[in-house]
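Participant: My structure is below; once you've seen it, I'll send some questions.
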Amino acid sequence: MTMAKTDDGVDLYYEVTGSGTPIVFIHEFAGTSQSWEAQVRHFSRWYTCITFNARGYPPSQVPAGPESYSQQRAVLDVLAVLDHAGVDRAHVVGHSMGGFAALHFGLHYPDRARSLCVAGAGYGAEPDKQALFRQETRNTAAMLMEQGIEAFAMKYSRGPTRLSFERNDTRGYAEFQKILSRQSALGLANTQLGVQLHRPSLYALKDELAKLRLPVLILNGDEDTPCIGPALMMKVTIPSAMMSVIPNCGHTVNLEAPDEFNRIVGSFIHQADAGRWPVRSYALATDQATGMA
């Protein structure tokens, strides 16, 4: 079992598969490194694939208090894994909570990233939804500690943006529920209270996002409604961003539509590696005339 030690002394479990240009995959709140199995099987034919469990997700260490968890700490944990694996620069692919980590990694360590894929990220990011999101975060943490992981997993997996997963892939959805039900209630509660509760709104980062020049892919399912608005904002704001939407697909895009996810991400990485990724020198029109008749 391979472990990376962080600068605050936390052990993070990670796996390396394949050879070639590195890709690091960062899982969502309801996932683990196992969530990327379909991607590792595909991309490890041509790339070095690195997956890891975030702190709070065994066999990674579960720090006892939420003060050991934060958005910046999540970024530093990605850095710790890359350093331990001896990787200088990697394509960074993140989903949901992992998508936020990927984006922040690119903002803080652009010299360590070849590209960023930000998938399914944005829930609760709009300024007018921040208060509700924070209350939901506290409620989620309380449920985890009061009712336990199994009860939580059954309820959380039934969220409206995940129901298309059950419709499209019954066996995959059942496996997703099973993996979630085996996680640490304490680790997930602390992740909610440390990372999710205090993460900055994407809209508060617009000035920083506008300075990004790394190749960026914004990827969503079209039934992941809460993330569509923030995705469009990122596409408009980041000069080097492209956006892709997978039809009839909900939040868990990499599990629900793995073939399409792999095709889109693979094409994106190929273009990024070609060194000809376009960077706009203008802002996309949003609430103003485009100048076109």
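Computed from the coordinates by the stated procedures, all read-outs in this text should not be read as laboratory data. Please read all numbers here as calculations on a predicted model, not as lab measurements. So basically every Cβ, Gly included, is an ideal-geometry build from the backbone, and we count neighbours across all protein chains shown.
Participant: Translational D (Stokes-Einstein, µm²/s) of region 155-293 at 10 °C and 1.306 mPa s when Rh comes from the Kirkwood sum over C-alpha pairs?
Facilitator: The estimated diffusion coefficient comes to 91 µm²/s.
Participant: Residues in region 213-245 near a label at A38, defined as backbone nitrogen under 16 Å from the 7 Å Cα→Cβ point?
Facilitator: 219-224, 245
Participant: Ok, one more. Kindly list the residues of region 165-193 that lie in the label zone of M145, defined by a backbone N under 14 Å from the point 7 Å along the Cα-to-C-beta vector.
Facilitator: Flagged as within label range: 185-193.
Participant: Please list, or write none, the lysines whose alpha carbon is within less than 26 Å of the alpha carbon of K206, excluding same-chain residues fewer than 8 places away.
Facilitator: K129, K235
Participant: Can I ask one more? Cross-link candidates for K5: which aspartates and glutamates have Cα within less than 13 Å, leaving aside residues fewer than 8 places away along the same chain?
Facilitator: Once the sequence-local aspartates and glutamates are set aside, what remains near K5 is D77, D83.
Participant: Note the full-extension length gain between M1 and V279 as 0.36 nm times their separation in residues minus their Cα-Cα distance, in nm to one decimal.
Facilitator: Separation in residues times 0.36 nm, less the Cα-Cα distance, equals 96.0 nm.
Participant: Counting only other residues whose beta carbon sits under 12 Å from that of G124, what net charge do I get with K and R as +1, D and E as -1?
Facilitator: That sum, taken over residues with Cβ under 12 Å, equals 0.
Participant: Next up: Do you know the relative contact order of region 28-99, to the nearest whole percent, from alpha carbon pairs under 8 angstrom that are 6+ apart?
Facilitator: 40
Participant: Would you work out if the chain is rounded, prolate or oblate? Take a ≥ b ≥ c from the square roots of the eigenvalues of the alpha-carbon gyration tensor; rounded if a/c is under 1.5, else prolate when a/b is larger than b/c, oblate otherwise.
Facilitator: Rounded.
Participant: Subtracting the Cα-Cα distance from 0.36 nm times the residue separation, let me have the gained length for D8 to S201 in nm, one decimal.
Facilitator: Contour length minus Cα-Cα distance gives 66.9 nm.
Participant: If r is the Cβ-Cβ distance from E175 to R213 and R0 is 51 Å, what FRET efficiency results, to the nearest 0.05?
Facilitator: The computed FRET efficiency comes out at 0.85.
Participant: Can you give the % of DSSP beta bridges in the chain that are antiparallel, to the nearest 5?
Facilitator: The answer is about 25 percent antiparallel.
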